[in-house]
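All remarks here apply to the structure that follows.
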Amino acid sequence: MFGINVSLFTPPSPEEEKIIKAFLEEHGLVYEGKPDASVIVEDPQGRVIATGSLSGKVLKMLAIDQEWREANLSGTIMTRLIEYGRSRGLTHFFVFTKPDVADKFLSFGFRELARYKEYAAVLEMGHPGVDHFKKYLLENKKELEEGKTAGAVVVNCNPFTRGHQYLIEQASRAVDFLYVIVVEADLSSFPFKHRFELVKQGTAHLDNVTVIRSGDYAVSPATFPSYFMKGASVEKIASIQARLDVTLFANLFVPTLQISKRFVGTEPYCAVTSSYNEAMKEILPARGVELVEIPRLATEDGMVVSASTVRDLIRKDDWENIKKLVPQSTWNYLVSDEAKDVLEKIKKGAGRH
């Protein structure tokens, strides 16, 4: 097409990353990654005119020179990256983009999941998609009689602490049914399968609690917008990410599970989490969902009960204080052979969180 050259790099080398980064910066975008694959498109004179990348199942960092906007280079890039992803066994893809270009992706077979004002939109294509996940939610849904209420807590639990347990116990008393939605993205020190099981064990005494997975639809890499937020502060990026994620929660989980209350712990320390709480205050009430903040649990000597504190204590081998912060089920796991590799990774600082 027009004598252009389309090259796929799997993954891009440091030199190719440098080329992509420079092109993105020229177009007001930010290089994020280490992507699994990148496409670079050059004109007949060898000048870069477009690029795009794939990280996991997320298509991102798509930029096209203004002079070539009508040449369908976005379709060319998406096709090459999706073909690569499929060759690696992927059947499900997300794209995070600006709302003013979201319609373009509909023609590629994408489906819009959520958007936040003029800042961000997230779309998906392939299987298993949102309809498949909605079926999973319906299979775990509790039928509400008239006058009954359902609430939700979204947790990562890296690992599950007495603080998480306290939040869930308090929330369970305020509604007839409570859904505990465990973040499925495996970007934490403790693997999802371990975190999910610890939440189930730590809430087994609560008859009105149902523990479910989040799929790709709550606190997911698919909703992370930093690649196009050039010059934005961490707080600004977190603010937009949070609002898109909360909008997706309101679009999917709220109507499917008939959720009328969402519970969160107060957050005096982490700016990102605090921003997320502010996003919920802005978006959820307008969607018919009451946001209920529950004060964080602390020990008698004032130690904050949090997963990050537990991980810090693991690095220090301070097992006396760890035992104060976790329920018995989590303690049993932490001192078992199953947790050895995870603990070693935390101590070496290899874990992302």
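Can you find, within the stretch 304-317, the residue that is nearest to the chain's Cα centre (by Cα) among those that are exposed (fewer than 14 other Cβ atoms within 10 Å of the Cβ) and at negative phi? Ranking the candidates gives Ser308 first. Within the stretch 193-207, residues that are in contact (Cβ under 8 Å) with a residue 60 or more places away in the chain have Cβ atoms under 7 Å from residues that are polar (S, T, N, Q) and surrounded by 11 or more Cβ atoms within 10 Å (Cβ to Cβ) in these pairs: Leu198/Ser329; Leu198/Thr330; Gln201/Ser329; Gly202/Gln165; Gly202/Ser329; Gly202/Thr330, counting only partners at least 6 apart in sequence or on another chain. Do we find a residue being modelled with pLDDT of 95 or more, open to solvent by 40 Å² or more (accessible area, probe 1.4 Å), in contact with a helix residue (DSSP H, G or I) (Cβ under 8 Å, 6 or more places away or on another chain) and not small (Gly, Ala, Ser) anywhere in the stretch 175-187? So far as the stretch 175-187 goes, no, none of its residues is modelled with pLDDT of 95 or more, open to solvent by 40 Å² or more (accessible area, probe 1.4 Å), in contact with a helix residue (DSSP H, G or I) (Cβ under 8 Å, 6 or more places away or on another chain) and not small (Gly, Ala, Ser).
Scanning the stretch 25-48 for residues that are in contact (Cβ under 8 Å) with a residue 40 or more places away in the chain, open to solvent by less than 40 Å² (accessible area, probe 1.4 Å) and among the β-branched types (Val, Ile, Thr) yields one hit, Val39. So how many residues does the stretch 153-175 have that are out of contact with any Cys (no Cβ under 9 Å at 6 or more places or on another chain) and under 21 Å from Leu187 (Cβ atoms)? The number of residues fulfilling the criteria is 10. Of all residues assigned to the stretch 3-24, none qualifies as being hydrophobic (A, V, I, L, M, F, W, C), surrounded by fewer than 20 Cβ atoms within 10 Å (Cβ to Cβ) and closer than 19 Å to Phe96 by Cα. Of all residues in the stretch 251-265, those that are among the hydroxyl-bearing types (Ser, Thr, Tyr) have Cβ atoms under 8 Å from Cβ atoms of residues that are assigned to a strand (DSSP E or B), 6 or more apart or on another chain, in Ser260/Ala150; Ser260/Gly151; Ser260/Glu290.
When Tyr84 is tested against (1) of a type outside the set (Gly, Ala, Ser); (2) touching a residue at least 60 places away in the same chain (Cβ under 8 Å); (3) loosely packed, with under 13 Cβ neighbours inside 10 Å, exactly one condition is not met: (3).
If you check Val130, Val122 for being in contact with a strand residue (DSSP E or B) (Cβ under 9 Å, 6 or more places away or on another chain), at pLDDT 95 or above and either open to solvent by 90 Å² or more (accessible area, probe 1.4 Å) or not hydroxyl-bearing (Ser, Thr, Tyr) (or both), only one passes: Val130. Note on the stretch 265-298: among residues that are buried (at least 20 other Cβ atoms within 10 Å of the Cβ) and under 20 Å from the mean Cα position of the chain (by Cα), the one that is modelled with the lowest pLDDT is Ser275. Residue count for the stretch 121-164, restricted to those that are of a type outside the set (A, V, I, L, M, F, W, C) and either out of contact with any helix residue (DSSP H, G or I) (no Cβ under 9 Å at 6 or more places or on another chain) or farther than 30 Å from Trp331 by Cα (or both): 19. Pairs are defined by a Cβ separation below 8 Å, a sequence spacing of at least 6 or placement on different chains, a first member in the stretch 134-152 that is under 16 Å from Arg213 (Cβ atoms), and a second member that is part of a loop (DSSP other than H, G, I, E, B); the pairs so defined are Tyr136/Gly215; Lys141/Gln258.
Kindly evaluate Thr203 against the criterion of being farther than 30 Å from Leu54 by Cβ and over 15 Å from the mean Cα position of the chain (by Cα).
So Thr203 fits the description; yes.
Of the residues making up the stretch 118-132, those that are over 19 Å from Val254 (Cβ atoms) and not small (Gly, Ala, Ser) are Glu118, Tyr119, Leu123, Met125, His127, Pro128.
Checked across the stretch 146-156, the condition of being open to solvent by 40 Å² or more (accessible area, probe 1.4 Å), part of a helix (DSSP H, G or I), over 27 Å from Gly302 (Cα atoms) and among the basic types (Lys, Arg) holds for no residue.
The values are calculated or read from the model by the stated rules, or taken from the named source; none is laboratory data. No experiment lies behind these values; they were computed from the predicted model shown. Reconstructed Cβ throughout: ideal geometry from the backbone, glycine too, with neighbour counts over all protein chains shown. When the accessible area is computed, the model is the full protein with side chains, heavy atoms only, and any ligands, DNA or RNA have been set aside. Shrake-Rupley method; radii C 1.70, N 1.55, O 1.52, S 1.80 Å.
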